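Q: The structure that follows is given in the form of structure tokens.
The values are calculated or read from the model by the stated rules, or taken from the named source; none is laboratory data. All figures in this text were calculated on a predicted structure; none of them were measured in a lab. Cβ: placed from backbone, ideal geometry, glycine included. Neighbour counts: every protein chain shown.
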Amino acid sequence: MDNNITNINEKIEAESYLKTGSNELRVLEYRVSGISFGINILKVSKIVNELTDFTKVPETHPTITGVFKDMDHLIPIVDLAKLLNIENEKTCREKVIVTEFFGIRTGFQVDRLDWIHHFKWEDVIDTEQVFNKIDQPYVLGIVKPTEEKMIQLLDYETILLTLNPDLAKNNKSEYKIEESLHNKKILIAEDSPAVRSMLINELTENGFDVKAASDGKQGWDYYQKEDFDLVICDVEMPQMDGLALTLKIRQSQKSDIPVIVYSSIGDIGMKSRAKFLKADAHITKLNLDKLLVTVEKLLKGENINFNGKNDQEITESEENLLPV
């Protein structure tokens, strides 16, 4: 078959893959003191509809109300109203959204669950575009299911690093990159300020020249104007997500540049999506040792064993996440 025809077919197939919802953002909307917030459903492990038994723990972060046991896991409970400094209405916060990322399970107390909305990643509005409307340091972006309604998307990664300051210290890599690779230029696209800062520090300390973008669109702009040796991109980003950025890179004139998808969503489905769009590797945050080893191998031209297998749906149906 003609190479040009093959390339066109691959391009159409990849674009169709994104359009069919493989990178669709499903947002679970919940309320805290009457304000609508949202979380990517892929970050949700389970919903506790009625928390009746938990244990208070002394000398913890002031926003942690206690812990509860779920199977063999002790899960801390975070009072989101207190964390976000929202005036606490007299409501009984018995519902808990249990998340799992960074290898840690965390419960967030909320007033109620509303609905699961479906969006495209380009529907996410960066907070810089609505800075007069939002005064929250933990808000990364907003989505609008209707013209009148606004759902704020929190930076759960920064929240977790704030609650667990030792997490960044404990995940600091001791791995040292070969000196022959120093001064290689790396582009980062990461919307979480805390994670972006960690990446910049680790890569800079290892001798790399680092350029950092706060979303996929800005990353694409940088990519077109400058030459890079490798790209590291998050998946969940406003304006342009990491999978769409990967596709654009693979369709560009510099299509052979190594791309690492660095995501807090570590399920097989995400690995499969990254592999389908021809990313070179998928690394789960905050595995900095593995990230640096992978960066070194790719810059040396070595092959990576990509473990992206068959796609995997969410184990629990969306309906089961909402209260009956």
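Q: Using the structure shown, decide if Asp191 is under 24 Å from Ile35 (Cα atoms), buried (at least 19 other Cβ atoms within 10 Å of the Cβ) and either assigned by TED's automatic domain parsing to the domain that holds Tyr223 or touching a residue at least 40 places away in the same chain (Cβ under 8 Å) (or both). So that I can check it myself, show each step before the final result.
A: On the way: under 24 Å from Ile35 (Cα atoms): yes; buried (at least 19 other Cβ atoms within 10 Å of the Cβ): yes; either assigned by TED's automatic domain parsing to the domain that holds Tyr223 or touching a residue at least 40 places away in the same chain (Cβ under 8 Å) (or both): yes.
Yes: the conditions hold for Asp191.
Q: Determine if segment 172-184 includes at least one residue that is surrounded by 14 or more Cβ atoms within 10 Å (Cβ to Cβ), under 22 Å from Gly216 (Cα atoms), assigned by TED's automatic domain parsing to the domain that holds Lys225 and modelled with pLDDT of 90 or more.
A: Among the residues of segment 172-184, at least one is surrounded by 14 or more Cβ atoms within 10 Å (Cβ to Cβ), under 22 Å from Gly216 (Cα atoms), assigned by TED's automatic domain parsing to the domain that holds Lys225 and modelled with pLDDT of 90 or more, which makes the answer yes.
Q: If you don't mind, there's one more thing I want to ask. Can you tell me which condition Tyr156 does not meet? The list is (1) farther than 17 Å from Ser264 by Cβ; (2) touching a helix residue (DSSP H, G or I) at 6+ places or on another chain (Cβ under 7 Å), and all the others hold.
A: That leaves (1) as the condition not met.
Q: Within segment 49-67, which residues are β-branched (Val, Ile, Thr) and either loosely packed, with under 14 Cβ neighbours inside 10 Å or under 25 Å from the mean Cα position of the chain (by Cα) (or both)? Give the derivation first.
A: Taking segment 49-67 first, the residues β-branched (Val, Ile, Thr) are 52, 55, 57, 60, 63-65, 67.
The answer is Thr52, Thr55, Thr60, Thr63, Ile64, Val67.
Q: Kindly establish whether Gln239 is touching a residue at least 24 places away in the same chain (Cβ under 8 Å), closer than 20 Å to Lys120 by Cβ and outside any helix (DSSP H, G or I).
A: On the way: touching a residue at least 24 places away in the same chain (Cβ under 8 Å): yes; closer than 20 Å to Lys120 by Cβ: yes; outside any helix (DSSP H, G or I): yes.
Yes; evaluated as a whole, the condition is true for this residue.
Q: Given the criterion closer than 22 Å to Gln239 by Cα, modelled with pLDDT of 90 or more and not hydroxyl-bearing (Ser, Thr, Tyr), identify the matching residue among Val32, Val27. Steps first, answer last, please.
A: On the way: Val32 fails: closer than 22 Å to Gln239 by Cα.
Being closer than 22 Å to Gln239 by Cα, modelled with pLDDT of 90 or more and not hydroxyl-bearing (Ser, Thr, Tyr) holds for just one of Val32, Val27, which is Val27.
Q: While we're here: Out of the residues in segment 137-156 meeting the condition of being among the aliphatic types (A, V, I, L, M) and within 10 Å of Thr127 (Cβ to Cβ), tell me which one is surrounded by the fewest Cβ atoms within 10 Å (Cβ to Cβ).
A: Narrowing segment 137-156 to residues among the aliphatic types (A, V, I, L, M): 139-140, 142-143, 150-151, 153-154.
Now drop any that are not within 10 Å of Thr127 (Cβ to Cβ), which leaves 139-140, 142, 153.
Working: Val139: 17, Leu140: 23, Ile142: 23, Leu153: 24.
Here the residue is Val139.
Q: Which pairs have Cβ atoms under 8 Å, sit 6 or more apart or on different chains, and link a residue in segment 33-59 that is farther than 20 Å from Leu160 by Cβ to one that is surrounded by 18 or more Cβ atoms within 10 Å (Cβ to Cβ) and among the hydroxyl-bearing types (Ser, Thr, Tyr)?
A: Ser36/Tyr30; Lys56/Thr65
Q: Okay, next question. How many residues, within segment 154-209, are in a loop (DSSP other than H, G, I, E, B) and either under 28 Å from Thr65 (Cβ atoms) or within 16 Å of the chain's Cα centre (by Cα) (or both)? Walk me through how you get there before you give the answer.
A: Filtering segment 154-209 for residues in a loop (DSSP other than H, G, I, E, B) gives 155, 164, 171-178, 182-184, 190-192, 206-208.
Remaining after also requiring either under 28 Å from Thr65 (Cβ atoms) or within 16 Å of the chain's Cα centre (by Cα) (or both): 155, 164, 171, 190-192.
Count: 6.
Q: Just need a number here: residues in segment 236-290 that are of a type in the set (A, V, I, L, M, F, W, C), surrounded by fewer than 19 Cβ atoms within 10 Å (Cβ to Cβ) and either out of contact with any Gly (no Cβ under 9 Å at 6 or more places or on another chain) or modelled with pLDDT of 90 or more (or both).
A: Narrowing segment 236-290 to residues of a type in the set (A, V, I, L, M, F, W, C): 237, 240, 243-245, 247, 249, 257, 259-261, 265, 268, 270, 274, 276-277, 279, 281, 283, 286, 288.
This time we only want the ones that are surrounded by fewer than 19 Cβ atoms within 10 Å (Cβ to Cβ), so: 257, 268, 276.
Adding the requirement that they be either out of contact with any Gly (no Cβ under 9 Å at 6 or more places or on another chain) or modelled with pLDDT of 90 or more (or both) leaves 257.
So the count comes out to 1.
Q: Could you check how many residues of segment 200-217 are polar (S, T, N, Q) and surrounded by fewer than 18 Cβ atoms within 10 Å (Cβ to Cβ)?
A: Keep residues of segment 200-217 that are polar (S, T, N, Q), which gives 201, 204, 206, 214.
After this cut, where a residue has to be surrounded by fewer than 18 Cβ atoms within 10 Å (Cβ to Cβ) as well, the list is 201, 204.
So the answer is 2.
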